1. With only alpha-carbon pairs counted, each pair once and no self-pairs, how large is the Kirkwood hydrodynamic radius of segment 77-127 in angstroms?
2. Considering amide H positions built from the backbone, and no H for Pro or chain starts, which residues 5 or more places from Gly87, or on another chain, come under 5 Å of its amide H?
3. Hey, what did the chain get for relative contact order, percent, Cα under 8 Å, at least 6 apart?
4. May I ask you to evaluate 6.51 cos²θ - 1.76 cosθ + 1.60, the Karplus curve with θ = phi - 60°, for each residue of segment 40-54 and list the ³J(HN,Hα) values in order in whole Hz, giving x for glycine and proline?
5. With bins 10 Å wide starting at 0, give me the P(r) of the chain over every alpha carbon pair, in whole percents.
6. Out of residues 5 or more away from Ile43 or on other chains, whose amide H comes under 5 Å of its own, with H placed 1.01 Å from N in the peptide plane?
Amino acid sequence: MATQTQYAFSVSVQTAYLPDQSNVEESKFAFAYTVTITNVGNIAAQLISRHWVITDSHQHVQEVKGLGVVGAQPLLNPNQQFEYTSGTVLATQEGEMRGSYFMVAVDGTPFEAIIEPFVLAQPRVLH
């Protein structure tokens, strides 16, 4: 039986608004997100695929599924990290992303690494 600590990944995310790639008049708000995936378990595992659920402030939901991340399917040993940056465009100034990574441990055990919800928001301008 698999234990929680044997198959465990932590996922942290930093976000940034990209004004140079946004167009407020066209309701296009671009955001970058940098994800750090850390194997906090005690067995190596490979990231096989991703599933993102992106929701803007009008509750419009977009789902993104695909193999790997940024063209890679990293194999992470215990305590090893993988970091990448990607992006998305929303029709509103704020939104939320959440999701999961489908992982397979070197012993063949499949499991998911959950990506907790995080906020995408255009910074407030002070006058």
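Just so you know, all these numbers are worked out from the coordinates, no wet-lab data involved. Keep in mind the model is a prediction, meaning the values are calculated, not measured.
1. On the way: mean 1/r = 0.0702 Å⁻¹.
Hydrodynamic radius (Kirkwood, Cα only) of segment 77-127 equals 14.2 Å.
2. Those lying under 5 Å, H to H, from Gly87 are Tyr33.
3. On the way: 298 pairs, mean separation 36.4, N = 127.
Contact order relative to length: 29 percent.
4. Taking θ as phi minus 60°, the curve returns 9, x, 10, 9, 5, 8, 10, 7, 9, 8, 10, 9, 10, 10, 10 Hz for segment 40-54.
5. For the chain, the binned pair fractions read 13, 41, 28, 14, 4, 0 percent.
6. Ala8
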